[in-house]
Structures are given as C-alpha cells and as structure tokens.
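Enquirer: Shown below is the structure under consideration.
The values are calculated or read from the model by the stated rules, or taken from the named source; none is laboratory data. It should be emphasised that the depicted structure is a prediction, and the values quoted were computed from it without experimental measurement. Methodologically, a virtual Cβ is constructed for each residue, glycine included, from the backbone with ideal geometry; neighbour enumeration extends over all protein chains shown. The protein model used for the area step is the full one, side chains on, heavy atoms only, and it has no ligands, DNA or RNA in it. Shrake-Rupley method; radii C 1.70, N 1.55, O 1.52, S 1.80 Å.
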Amino acid sequence: MTSSTGGDSTRDRIVAAARAEFSRHGIAGARIDRIAKAAKTSKERLYVYFRSKEALYRFVAEQEMAAVAEATRLDPTDLPEYAGRVHDYYLRHPDGFRLMHWGRLEFAGSAADAATGETVRRKVEQLRKAQEAGYLDPAWEPIDILVFVNQIAMAWPGQLDLVDAADGQVRDPSLPARRAAVVAAVQRLFPTTAHDTTGGTD
C-alpha cells in the first residue's frame, strides 16, 4: 500500500491533501496533480508512497474508519447512544462524512472497499455475541442491526439543510433536537437493556 517511514512530513502532507481532495471531488473526480501541488511535492514523489490514486484513497479511508471507530466505540448494549456518537462525529467532521460517502458510491461491491471489511466483521461479531448473551433481540440479523443503526446515525450530517427547507414546520430546529431524534429512533428499534455491558468496543 505505502512505503511507510515514521515521521515523514512529505507523506503526511500527501495524506492531508488527498483527504481534502477526495472529500471535495470523490475518487473519480480527484486529481493526483492537484494533490501533489497541495502537498508541495511532485507526482513522481507521490507515487513513491502510493502506487495509484485508488491505493491512496484506500489508505485515507482506512485512517478515517479507524478514527470513527475510536471516537464512537460500538457498545452493543447501548445502541441508541452509539448512534448519537456517530451522529456527533460526522457533524464535527463533514469532510469525513463526504469522504466515506464517495467511497461507498464509487467502490461499492469492488475489492477497493475492502478497507471497511474488517471493521464490519468485528462489529457484526460483537452484535452476534450480544444477541447470544441476551442483550439484543436474536430475531435480527446482526448485519441488519449494524446497517440500520448506522443509517439512522448518519441521516442528518449530509442534509441539515432540510430543516431550513421545512420553513418553520419543525417544532425544534436545533441540532440537539436532531440528535435526540436519532437516539429515540434507535431506542425504539433496539431498546437499551438493564444488563451490565459486555465490554465490547471497536
């Protein structure tokens, strides 16, 4: 994937510039020459670190996945608050939201979206174990739980303009109200339990 050396400022500049470029333009629309220029390096130097634009995107996406996992910490026994944390993260990091959204649109079903695979497998296993322990309804497929919770959690970061578009028809247009709606929706689907937590994190 990369020729990685610790403390390499050129590589760090490339990654930062690539994150901004992919967030704005997606993978297909991103341009290596713009990334290299923003990173104050050459295209040739960039290709020393990353063999292709797709490899560079995968690296940036893996970094984002790790940052989201660290910031949100899946707790299968309290999915409503997990959804609230995901909602909060992407409101604070709209560039990360766009970055991952582009990847799902352009790489869906291909080998290039393998960056998400390990994280998804870990979370599905956590949910399955929570079901086996009686914390979650076993009638749900764990992957369905994960997808539904994530989709509800990410419902608002990409379309907050809809609140303004409703033109006074929203009782409470504040951001805390949107978060409360996310938490309430997940609570209705996957109620919190009175049990102690399983200690699962991701």
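Enquirer: Helix 53-72 against the longest principal axis of the chain: what's the angle in degrees, Cα atoms only, rounded to the nearest 10?
Expert: That works out to roughly 30 degrees.
Enquirer: Determine the per residue accessible area of the chain with all protein chains present and a 1.4 angstrom probe, expressed in square angstrom.
Expert: On a per-residue basis, the chain sits at 54 Å².
Enquirer: In nm, give the distance between the simple-model label positions of Gln159 and Arg45, each being 7 Å from the Cα along the Cα-to-Cβ direction.
Expert: Each label point lies 7 Å from its Cα, and together they span 4.3 nm.
Enquirer: Run the helix sum for the chain: -39,500 (n - 2.57) per DSSP H stretch of 4+ residues, divided by residue count, reported at 222 nm to the nearest 500 deg cm²/dmol.
Expert: Counting only the DSSP helices, I get -20500 deg cm²/dmol.
Enquirer: Any idea what the dipole of the chain comes to, in debye rounded to 20, about its Cα centre with Lys/Arg Cβ at +1 and Asp/Glu Cβ at -1? Kindly include the intermediate steps, with their values, before the conclusion.
Expert: Details: 27 positive and 28 negative charges, 187 e Å.
It works out to roughly 900 debye.
Enquirer: So what does Lys123 come to for accessible area, using a 1.4 Å probe and Å² rounded to 10?
Expert: 20 Å²
Enquirer: Here is a further query. For a test of the definition: using alpha carbon positions, the gyration tensor, and the 1.5 limit on a/c, classify the chain as rounded, prolate or oblate.
Expert: In terms of gyration-tensor shape, oblate.
Enquirer: For helix 175-189, report the angle its Cα long axis makes with the longest principal axis of the Cα atoms of the chain; keep it between 0 and 90° and round to the nearest 10°.
Expert: The two axes meet at around 60 degrees.
Enquirer: Which three extents, in whole angstrom, do the alpha-carbon atoms of the range 66-178 cover along their principal axes, largest first?
Expert: 45, 35, 24
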